[in-house]
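Each value in this text was obtained by applying a stated rule to the coordinates, not by laboratory testing. Bear in mind that the values here come from a model prediction, so they are computed numbers and not experimental data. Cβ placement follows ideal geometry from the backbone for every residue including glycine, while neighbour counts extend to all protein chains displayed.
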Amino acid sequence: MNRQNTVLSATRLAALLLLFSRMVFPGVPTRKRVLAHPNIVLITIDTVRADHLGCYGYKEIQTPTLDALAHDGIVFEHAFSQVPLTWPSHTVILTGTYPFQNGVQDFTGHPLPPQFRSIAQAFKGAGYATGAVISSFVLDRSWGLARGFDLYDDAFSAETFKKKDISLVDRRAGESVDRAVRWLKHASNLPFFLWLHLYDPHSPYDPPEPYRSEYSTHLYDGEIAYADHELGRLISWLKESGNYNRSLIVFLSDHGESLGEHGESEHGFFIYNSTIRIPLIVKPPAGSRVSRGRVERPVETALVAPTLLGMAGMHDKIEGQFQGHSLLDSANDDQDDPAYSETFYPFSSFGWSPLHSLENGRYHYIDAPQAELYDLTADPEESKNIASTHPEIAAILKDELKKRLQRAPLTSPPQNGGNLSLDAAQKLRALGYVAYRSPVSSDTLAMGLPDPKDKLWEFNSILQAQDRFRAGQFSTGRELLERVAAREPEMYVIPFLLGEFFLREQDWSGAVAQLKRCLELNPGFDEAMTGLSHALHAQGNDRDAKMWLDKAVSSNPQNYRAWYELGTLQGRSDPRAELEAYQKAVSIQPNFAQGRRDLGILEVTQKAYGAASKDLEQALSLGLDDARLRNFLGIAYTESGRLGLAVTSLEEAIRQDPNLAEAHLNLGFAYQKLHRQNAAKTEYDAACRLQSRFCGAVPSSVN
């Protein structure tokens with residue numbers, strides 16, 4: 001998994017792994033309810049602008065579920081995401097820490113460091129059943145958010161990976177709500193903490209019918225309306241089961257969507273209100289003495305975790321990392337703390353300036369090479385920058401922003417992280433930047449970084465090039481990238497994107513050349529190392545391929561795709577190392593179906609039939625089904641005495657591939673053990689007909 005400088009929009013981040021489908025629900029503890037704490041339901045719907053919901057005054061959409069929740073709770077009119085990217089924003093929500101504190105500032109870094117506690121760990125420690133159902137690959141457990149959850153459902157259909165770019169792998173709200181309700185039925189004997197994440201409003205906008213027709217001119221709204229409808233089924237279950245009144249329900253989004261405003265089509269690049277202002281609703285449990293209503297003052301998503309803990313009447317050591325108090329405390333005081341937001345996406349992916357902002361009840365200040373200040377009362381669209389005409393207001397907010405960055409402790413970068421000089425790293429850290437992911441040199445940093453506002457052409461050209469590649473228009477896409485490279489010769493993402501395309505086209509020489517150039521520009525980029533290894537292996541250069549994989553797992557030990565590739569590479573020469581690498585891959589991501597399958601097959605060859613059965617069954621449950629897998633599962637069943645299952649599995653292998661001689665041979669052996677001699681002879685004859693080398697393997701007792 002890429003933890004070092006993956007690029008592009010949040011829907012297009014090229015994290016290049018595989019996860020797969022149907023989930024297996026772990027057993028829920030059968031302890032009696034011993035705590036008087038309320039149930040907690042945290043709902044995040046990705047990419048929802050506050051001004052596109054009915055309860056926030058939008059007239060072009062029907063959102064009855066969220067409107068009703070707003071009626072029963074507290075609506076925060078001016079809630080702000082601390083970072084307009086999915087994984088970093090959810091890290092803020094679950095840990096109560098700022099991105100510049102926890103180090104998760106975009107999709108280019110290492111996983112959440114272990115010293116940061118999740119709110120799920122606090123609830124689990126207090127006796128809660130804890131479950132998370134997520135709807136997108138970009139929240140895969142290897143990023144570090146699964147800590148504390150009994151269930152972390154991040155398995156996606158194997159078919160989805162064949163049909164979509166890896167960064168677009170998701171599932172619809174209907175399936176995720178089904179899984180959430182199923183888990184809740186198992187967890188009903190305990191107080192529970194459920195996090196349900198829905199992803200539908202993310203680009204590309206493709207709502208199912210009837211929403212596609214009803215919202216044909218504004219499909220983004222159709223996605224929100226569909227998600228609202230499916231969420232209604234969860235709320236209905238809570239009411240029917242008697243859990244609605246006794247539950248604290250918090251709904252919010254991780255970020256908004258630009259929809260073309262300020263030249264940005266989606267989110268992550270800028271931090272205007274179109275992408276950082278989000279809906280936030282808190283429905284208290286019955287008897288909480290909290291009044292329903294609306295809060296006008298700006299609040300941050302970093303306050304969600306303290307709110308969950310406080311409303312549950314709990315204390316936990318996680319409070320030591322919180323950077324604020326409960327939202328419900330802030331709803332009743334007179335403080336007007338401005339809300340903080342940032343994006344490091346332009347910096348870490350492209351080498352341009354990061355952006356920081358503060359927003360109070362009236363003004364929005366964005367700290368950039370060309371500073372921006374907007375009077376939201378007179379200019380809610382943020383169309384007129386008044387920083388030059390109101391320098392005193394800009395100076396006050398800039399000073400307050402500096403104090404905010406200095407107030408919270410910063411996480412320490414990994415030992416194997418940086419590609420900056422110590423001097424440059426110290427300069428960045430003094431500004432509150434997590435320096436170890438910087439793609440720029442000390443000299444570039446000293447000269448000053450470009451303003452993202454001045455780089456819109458380059459940014460949009462890179463996105464357009466990706467679109468061209470997907471459409472098979474390689475020459476057009478390559479031309480766009482070359483034009484960008486002419487302006488930005490040190491931008492590592494250009495050779496990376498070209499290298500990835502060459503990999504898909506199996507142009508191994510082209511891939512090697514481009515990915516080596518990428519690594520010259522960004523030596524710590526573990527995903528480029530993994531891709532380069534793949535190309536070198538295809539060329540027969542296994543020595544160098546292994547060297548790059550070793551570097552990749554050293555740079556990012558959580559890169560389970562690199563571990564898997566390392567196992568595959570070592571298979572012929574070192575079976576023990578192959579086994580250990582596969583085991584490492586699935587220990588990092590248990591829902592990695594391809595790893596489960598190949599580990600199970602290897603375990604069959606090593607006669608570990610019990611372990612093999614479990615891994616191959618898991619691969620099947622995750623949606624990976626092929627004749628070879630079924631054949632080896634049949635062997636494992638046969639050798640462990642489960643002959644009925646063996647026959648079923650081997651018959652399915654032959655149905656999928658009638659010419660798989662090994663399956664006929666193994667089915668014949670299973671039939672023979674069941675004393676079905678005629679059936680055994682038929683399968684042995686088929687194996688002999690398909691592969692002459694099997695003719696001598698037929699036992700004389702069936703001839």
Q.
With an 8 Å Cα cut-off and a minimum separation of 6 or more residues, compute the relative contact order for region 496-610 in percent.
A. 15 percent
Q | Principal-axis tilt of helix 391-407 within the chain, Cα atoms, nearest 10 degrees | A | 40 degrees
Q: Using θ = phi - 60° and the Karplus relation 6.51 cos²θ - 1.76 cosθ + 1.60, list the HN-Hα couplings for region 597-607 in order, rounded to whole Hz, with x at every Gly or Pro.
A: 4, 5, 5, x, 4, 5, 5, 4, 5, 9, 6
Q | Whole-number percent relative contact order across region 610-703, with pairs defined as alpha carbons under 8 Å at least 6 apart | A | 20 percent
Q) What order do you get for K453, K239 when you list them from fewest to most C-beta neighbours inside 10 Å? A) K239, K453
Q: Calculate the spin-label point distance for N678 paired with D657, positioning each point 7 Å from the Cα along the beta-carbon direction, and give it in nanometres.
A: 3.0 nm
Q) Counting only residues 5 or more places away or on other chains, whose amide H sits under 5 Å from the amide H of E300 once H atoms are built in the peptide plane? A) F80
Q) When only C-alpha pairs under 8 Å and at least 6 residues apart count, what is the relative contact order of the chain, in percent? A) 15 percent
**Q.** Spacing of the two label points (7 Å from each Cα toward its C-beta) at M447 and E639, in nm
**A.** 6.2 nm
Q. Given H placed on each backbone N at 1.01 Å, which residues far from Y244 in sequence or on other chains put an amide H within less than 5 Å of it?
A. K239
Q) For the chain, with the dipole built from +1 on Lys and Arg beta-carbon atoms and -1 on Asp and Glu ones, taken about the Cα centre, which of V48, A120, S649 lies farthest toward the positive end? A) S649
Q. So how far apart, in nm, are the two label points at S236 and D51 if each is 7 Å from Cα heading toward Cβ?
A. 3.4 nm
Q: Please give the helix 508-521 orientation as an angle from the longest Cα principal axis of the chain, in degrees from 0 to 90, rounded to the nearest 10.
A: 40 degrees
Q.
As a test of the formula, what do you get for the chain when each DSSP H run with n ≥ 4 contributes -39,500 (n - 2.57) and the sum is divided by the residue count, at 222 nm and rounded to the nearest 500 deg cm²/dmol?
A. -13500 deg cm²/dmol
Q. What order, most packed first, do the peptides 189-198, 395-404 have when packing is the mean number of other Cβ atoms within 10 Å of each residue?
A. 189-198, 395-404
Q: Search the structure for amide H atoms under 5 Å from the amide H of L259, placed 1.01 Å from N in the peptide plane, and list their residues when 5 or more places away or on another chain.
A: E266
**Q.** Given K403/K455; K551/K584; K398/K455; K317/K403; K403/K453, the pairs whose alpha carbons are separated by over 20 Å
**A.** K403/K455; K398/K455; K317/K403; K403/K453
Q. Relative to the longest principal axis of the chain, what angle (0 to 90°, nearest 10) does the C-alpha long axis of helix 661-673 take?
A. 70 degrees
(Q) Once the cut-off is 42 Å, how many percent of the Cα-Cα pairs in the chain end up in the long-distance tail? (A) 31 percent
Q) Counting only DSSP beta bridges with both residues in the chain, what percent are antiparallel, rounded to the nearest 5? A) 50 percent
Q. Evaluated at 20 °C with a viscosity of 1.002 mPa s, what Stokes-Einstein diffusion coefficient in µm²/s does region 39-346 have when Rh comes from the Kirkwood expression over alpha-carbon pairs?
A. 112 µm²/s
**Q.** Table column - 3J(HN,Hα) (Hz), region 639-647, Karplus curve with 6.51, -1.76, 1.60, x for Gly and Pro
**A.** 6, 9, x, 9, 6, x, 5, 4, 4
Q: Mind sorting E479, E60 by how few other Cβ atoms lie within 10 Å of their own Cβ, fewest first?
A: E60, E479
Q. Under the Karplus relation 6.51 cos²θ - 1.76 cosθ + 1.60, θ = phi - 60°, what is the ordered set of whole-Hz ³J(HN,Hα) values for region 545-562, x standing for Gly and Pro?
A. 4, 5, 4, 6, 5, 4, 5, 5, 6, 6, 5, 9, x, 8, 7, 6, 5, 5
Q: On a C-alpha basis, how far is the centre of region 546-623 from the centre of region 170-233 in Å? Whole number, if you could?
A: 33 Å
Q. Where does each of R182, R468 land when they are ranked from fewest to most other beta-carbon atoms within 10 angstrom?
A. R182, R468
